[in-house]
Each structure stands twice: as C-alpha cells, then as structure tokens.
1. Please state the charge dipole magnitude for the protein assembly as shown, taken about the Cα centre, from unit charges on C-beta atoms (+1 on K and R, -1 on D and E), reported in debye and rounded to the nearest 20.
2. Can you check what the net charge comes to around A:VAL195, using other residues whose Cβ is under 15 Å from the Cβ of A:VAL195 (Lys, Arg +1; Asp, Glu -1)?
3. Count, for each residue of A:26-39, the Cβ atoms from other chains sitting within 10 Å of its Cβ, then give me the mean as a whole number.
4. Could you tally up the Lys pairs in chain B with alpha carbons closer than 26 Å? Skip any pair fewer than 8 positions apart unless they're on separate chains.
5. Say each of B:GLN101 and A:ALA234 gets a label point 7 Å from the Cα, pointing the same way as Cα to Cβ; how far apart are those two points in nm?
6. Let me check I've understood the local charge: for B:CYS137, count other residues with C-beta under 14 angstrom from its C-beta, Lys and Arg +1, Asp and Glu -1. What total comes out?
7. Cross-link candidates for A:LYS2: which aspartates and glutamates have Cα within less than 12 Å, leaving aside residues fewer than 8 places away along the same chain?
8. With a cut-off of 8 Å between alpha carbons and a minimum separation of six or more residues, what is the relative contact order of chain B in percent?
Amino acid sequence: MKSPPFDYCKPAALGEVFALLGELGDDARILAGGQTLMATLNMRLSEPSILIDITGLSELRGIRVQGDRLYIGALATHTDIEQSPLVAQHAPLLAQAAPHIAHRAIRNAGTWGGSIAYGDPAAEWPCCLSALEGTIHLQGRAGVRRVSATDFFQDLYTTALEPGEIVVGADVPLATAADWAGFDELARRHGDYAVAGLGISARFQGTVAHRVHLSFLGIGPIPLRARRTEALLAGKTLDTASIEIAVASLKSELDPLPDLTHTADTKRHLATVLARRLLQAAHASRAAMPA
Amino acid sequence: MAPLHTLQVEVNGQDQVLSVQPRQHLVDFLRNELGLKGSHLGCEHGVCGACTVEVDGRIVRGCLTLAIQTQGCKVRTIEGLSNDGDVRDLQESFIRNNALQCGFCTPGMVMAAKELLERKPDATREEVREWMSGNYCRCTGYHAIVDAICETLAERAAKSQKVKA
Amino acid sequence: MDLTGEITLDAPRRQVWDALNDPGVLAACIPGCESVEVVSPTEKTARVMIKVGPVRARFSGRILLSDIVDAESCSMSFDGSGGAAGMARGKSEVQLFDEADQRTRLRYTVQASVAGKLGQVGGRMIDAAAKQMADQFFAAFRAQLAPDAGEVKASSVVADLPGPALTSDQSRSRGAGTTHASEHGLRMKWFTLGALSCAIVIWLGSRFY
C-alpha cells in the first residue's frame, strides 16, 4: 500500500512547529523516526495533510547527565540508547530493555520521544519510565512542562500531551551502587510486540530490598505498577519464600486485558513467570556481591 | 496534489538531484526513479525486512523512510554494497550454504547481516538468530542463512587472529 | 471481541431509554461522532472518526434496532466501513433495570469484529480500544442525563409503577418503538383498575352497612 498524498516540511526552530500545530491541529502529524507513523500512513490508517519533520531540531538531541538525573532528548534513537555508555552506567534498566525493541533496522530510526508520545501498552520505554519514576518534558507555545511518568500515561494511547505540545525529552534518576535493574519480556517471536513484559527497579541494603518497583507492560492499557505486591516486598530479602508471596499477590492484584491471542489468565500467568525470573535474578545478583 | 520537493542525496556513491513527492518512500524512490531494483517490498509496513537499506552507515526499513528524509544523506543499496566488496565473503558464504532460493529476501538479509558483522563481530549463533529475526524468508527455513552468517563471522575472526599473530 | 459492562445512572428508566434513542444524544456521546441520522424508528446511520493511537479512520455505519422491549431492552446490530482502513460489524444488547431512588441500571454486551487492515494491524488493541470507547461513551451519556434528572422525576409516574410493568409479549403487541401511546395506555389501565377496585369496595361496604 502507498501513503495517501501529504505535504512535508522540516522546521529549523521549535517555534515553527508550535505555530504549525496551532494552525492545523490534528491534520498535521509530527515525524521523527516515523517507525509507527509511516506504517500507519502506508496502510492508509490516517490521512494527514502535512508531516512536520522535527529531526532538524538539534535541541531535541543528546544524552547527558544533568544534576542527579540522566536526560535523554526526544530524538535519541533506540540504538543510541542501546549503545550509550552513559545509559549503561546511569540507567542500566534502559540498556537492558533496548534490545527487545523490534529489530535493529527499526531501532536505528525509531526514537525515545516517539515511543513515549504514543504510549503503546506494549512499549518498552513507557514501562521503564514508570519503573524508574522518570519525568517527561513537554513543550508547547506556552513553554515547557514536566510531568511524572505516573501522571503522563493516562489511558490507552492517551497521555498528558495537550494539543499543540510535543515531547522534547525525558529524564530518569541516576542509578546508584545500591540499585538493581532488570527487564524482560515475552513475545511469540523476538521483536514482536510483547505479550507481557516487566521492568524492575529496586534499591537494596545488602540483600534486603528496600523498595521495589514492578512495572508491567502489555497487561493493561498503560504501564502497570503492582503497588500492593511492591509493598509486600519492601524490607524483605528476595528469597524463595518472599518471591512466592509476591507471585501469589500478583495473581490477585493483576487484572489483565485479554487480546486476540492471549486470555487474561495467560497474561496473568506470564506476568508471574517474569516476576519470578527477575526477582530471582535480583537476589542472586545481590547475594553474589561482596558484603 | 502536494507540491514536489527537491531531493539531493548520494546513492551508492553517486550524487542524485531529483524532484520527489513527499509521500514517496525510499524504496519506491530507489526502484522507480533510480532503477535500483535490488531493494524489495514485501509488507510495506516495516515487518518483513525485504526493504532493508543503509542510510548514513545504518540499516533502516526503506519502506518506513520517506525519500525526502534522506536529504543530504548517503544511501547504500545492495547494489552499492555488492560493488564496494564489503561483504564479498558473506555473499560467497550465502551461495556455499544454499542460503537463498527465490532470492527475494536475500538483499535485505545481506544488508542486515552486514551491520551484524560490523557491530557484533563475536556474536553467538543465538545472537545471530535474534539479530536476523527482523528479516522473513519463505523458502529456506532460515538455518542455511544463519549458517552462512556464522561461517563468515568465524572466518573473519580467524583472519583477525592471524593478523594479530 | 466480547465486551460486557454495567453502569448505574441517576435517571429513571424511561428517560434513559429515550436518551439512548435520541440521535442528538448519541451524536454527543459517541467518541469522535460526526453525525447521526434517523432513517426510521429502527434504523440510524452514523459517521464516526475513530482516533486510537496513530490511527485516524472515518467510519460510516448503520445501526439497526431489533427485539425492542420499550424502555427495557433492545438489540442493536451495526456494520460500518472505514474505507481503506477496514470494516467493523457487531451486535450489542442493552438492558435497563429499575434501581432504587429513580435510578437505572444499564447492562450492555457487545460482540464485534474488525476486518481489513485495522483488524490486522490493530488486532491486539481491539479489546482495549473498545473498552475505552465504551467508557468514554457512558461517561458522556451520564453527563447528558445529569442536567435533566430533576425535571423528569416529577412526570415519570408511569416509570414508578412496580415492574418491569409489562411482559415482553404484551409490549410487542403494542408495537415496537411506540412511546407516548403505550405510556398513556398503561396509565389508563391502572386508573381503570383503581377505579374498579374502589367501586367494588364501596359496593361491598354498602352491602354490610
């Protein structure tokens, strides 16, 4: 299928982007990596009148440490994040999640900002931002706003973005020596949209988990934090007994939405498989560390 | 109809200046405007990998890239890669291992494998399989393709050992 | 895709029923609705712009009502075309039940399928998207009912009667979709019964005194 006809522009300044969005509303679409948008247009599931290419805006690029946060600009590609030494050091959860995103050719073009702005229920970056309690930076004519990940992802494909705003970047806290991060997802084939995925960010004192964040993707319309189960794990060593308590808790806490190929029960089960795997890995990692 | 835009792009080492419709994607541009038929279209929504081409040294889905987005870039197709000789050993390994039958997926496979050879020279068989999972093949059953890539990895590793020694 | 749900609305059953059948109300509540037109008491056409994630698809569709039990329940079948995007078709059932304090419980079931590219590409999202649209519809529907609730309470004498007051056989014989005629008929029936029972009591009374 071929795209319907549309016009194209590549603004040199953010102000131009906001002016165009203000004038054209939803008839204009933002083009960054285009890995979701172009597939949509090729299948004629949308017929905008113009694409606004934002890849010329250098202020949306870059990965850098800013104070006690790691800031990633909206135009960072998934490959940039996958290969970044700063990310590996300061946000290892993101480095673990990146190889799960689609395939290399798509990672070379798709962007951090695009994934965040769409907020697909099976997307990796919203899940990680939710686990790390990151902050999303939005900008429109009125200026810059910062919204916590918890407040940003609201409903199916519905975020805190107002009309006329774009995601300009997002930051996450810097990982410390006491932190452990783990990510895994289950898909029918590598690179498919995941059936279920889990990002864990945990802070330890020795082998005792101080606080644990369990953020699931593919279970609900937005990243799902299993807060009741998180509370049960706080202050515990992640031994077999604690993990089984957590798994039992997840079985009652999670209420997954089914999809065409998986029932709610299957998704619930897969979520517990991921929880077991990652919690065991966390424990093994901390137990192996010198006291 | 939307106005045409002027596109200036280097393709396989040659500068091209043409007028394009904004909606034309890169593979249609390469095939229809430049006669480079080596890049193929399978699904046209980024899933099958038959359209894989190289833009500024990185593989991308040609069907998900607008021609106009390659303004000022260096694009390389299977024709250019082949002529440059970068992956002669990989191509010979493909033939030796019978890693192509109808050949439709092959240009995409070779482009994807090229980036693996560059970026993950010590990839295991499992890592090769994961990397190549973005390219579909209807004929071979994939094993021959993975064999061919692993063989090339091994050959290159042996060669660089020899050079070191 | 199967979806069921139940909500309680702060309005009597008759008002909820009338609102559900009002093309103006539907147009205001269906997410992305651009127009609703009445073709006949049992047929409506609608144009809806579906916006889910990156998708923007304009659907033109037809809604056919059947198995209408006035102010109680009905079945709806719908089919729509989204042009290049694909097609959707399905059935839904709506049932209304009286609740205390002039409220109504609405129960709905939907079975739907989406074909074409939207179904192929969006298949994994259909359940979640349908649920979101249903939630949005009922939130808007609730808001539509709220400003009128006070007004209608006084005049809905008929709806106050115990019941579902009519069996489905009786209402079908009255004819589908009739509203004021059946209301009036019902009022007459109870008035007559009331008058008759008063007359009997008085006659009996007079016998004994």
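1. Values: 68 positive and 74 negative charges, 167 e Å.
That gives the protein assembly as shown a dipole magnitude of about 800 debye.
2. Numbers: positive: A:ARG188, A:ARG189, A:LYS267, A:ARG268, A:ARG277, C:ARG124; negative: A:ASP120, A:GLU124, A:ASP184, A:GLU185, A:ASP192, A:ASP259, A:ASP265, C:ASP127.
Around A:VAL195, the charge tally is -2.
3. Across A:26-39, the average partner-chain Cβ count within 10 Å equals 4.
4. Here the count comes out as 10.
5. 5.9 nm
6. Working: positive: A:ARG189, B:ARG129, B:ARG138; negative: B:ASP147.
Within the 14 Å Cβ shell, the charges total +2.
7. A:GLU47, B:ASP28, B:GLU44
8. Details: 262 pairs, mean separation 36.6, N = 165.
Result for chain B is 22 percent.
Where a number appears in this text, it was derived from the coordinates with a stated rule and is not lab data. Small disclaimer: the values here were computed from a predicted structure and weren't measured. Virtual Cβ from ideal backbone geometry, glycine too; neighbours counted across all protein chains shown.
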